[in-house]
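One structure is given below, encoded as structure tokens.
The values are calculated or read from the model by the stated rules, or taken from the named source; none is laboratory data. Please read all numbers here as calculations on a predicted model, not as lab measurements. With ideal geometry, Cβ positions are generated from the backbone for all residues, glycine too; neighbour counts draw on all protein chains shown.
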Amino acid sequence: MTNKISSGLPTARQFTLPWPAVLLTSVLLGSTLIACAMPLVAIATLAAGTMTRRSAILTLLLCWAINQVLGFTLHGYPQTLFTVGWGVAIGLGGVLALIVSQMILRPGQARLWIVPTLGLAFIAYELTLFGFSKVTGWACPFTVDVVAAVATNEALWFAGLWLVYVGLGRVLPSHGAVTRQPSQ
């Protein structure tokens, strides 16, 4: 084993429960206060760079499920094939965003690539929704203004959640400046 100075960011194993709980809570609060504003791409990207694959997919799917339950109950989304179909498409887009992010990022080594990955994950997400719209014929306004508003929402949530993640790494006692890494 050798000592390796970490990037100042906690690893997935250093707080396996608090971080997913933060993401789930943020979706619960965000989806309660603002319908249709869940940052699924931001969550997918952050999860890919900070969690194991299994934890990331579980967290992402739970975030999506919380949003859907709140939408159909608290916000009164119509229970039609159209809205259920779009809910599924959004979930699939989130999963694709996670897959793209996981292809690029490795937990604990995400600092340099995380912002470009967010952009690529967003493109994958939007292409999924655009493809769903074309296949089903169900209209969705893919105008520059709408896509820019969704991108802005994702970027703001991403920045806020990233700061929370870094903050967690600073306050949790298991986080240190030097971590033990296996020799290569």
Problem - Residue count, the range 72-110 (criterion: of a type in the set (Gly, Ala, Ser), more than 15 Å from THR128 (Cβ to Cβ) and crowded, with 18+ Cβ neighbours inside 10 Å) - result: 2
Handout entry: Failed criterion for LEU112 (all others in (1) at pLDDT 90 or above; (2) over 23 Å from SER31 (Cα atoms) hold)
Key = (1)
Completion exercise
Contact list, first residue from the range 123-143 and more than 13 Å from GLY85 (Cα to Cα) and buried (at least 16 other Cβ atoms within 10 Å of the Cβ), second anywhere and modelled with pLDDT under 95 and among the aromatic types (Phe, Trp, Tyr), beta-carbon distance below 9 Å, six or more apart or interchain, is GLU126/PHE142
Completion exercise
Output for Cβ contacts, cut-off 7 Å, separation at least six or different chains, first residue under 9 Å from TYR125 (Cα atoms) in the range 80-92, second surrounded by fewer than 15 Cβ atoms within 10 Å (Cβ to Cβ) and not hydrophobic (A, V, I, L, M, F, W, C), reads none
Handout entry: Residue that is modelled with the lowest pLDDT, among those in the range 59-71 that are surrounded by fewer than 18 Cβ atoms within 10 Å (Cβ to Cβ) and more than 23 Å from PHE130 (Cα to Cα)
Key = VAL69
Handout entry: In the range 92-125, the residues that are small (Gly, Ala, Ser) and under 23 Å from ALA148 (Cβ atoms)
Key = GLY93, GLY94, ALA97, SER101, GLY119, ALA121, ALA124
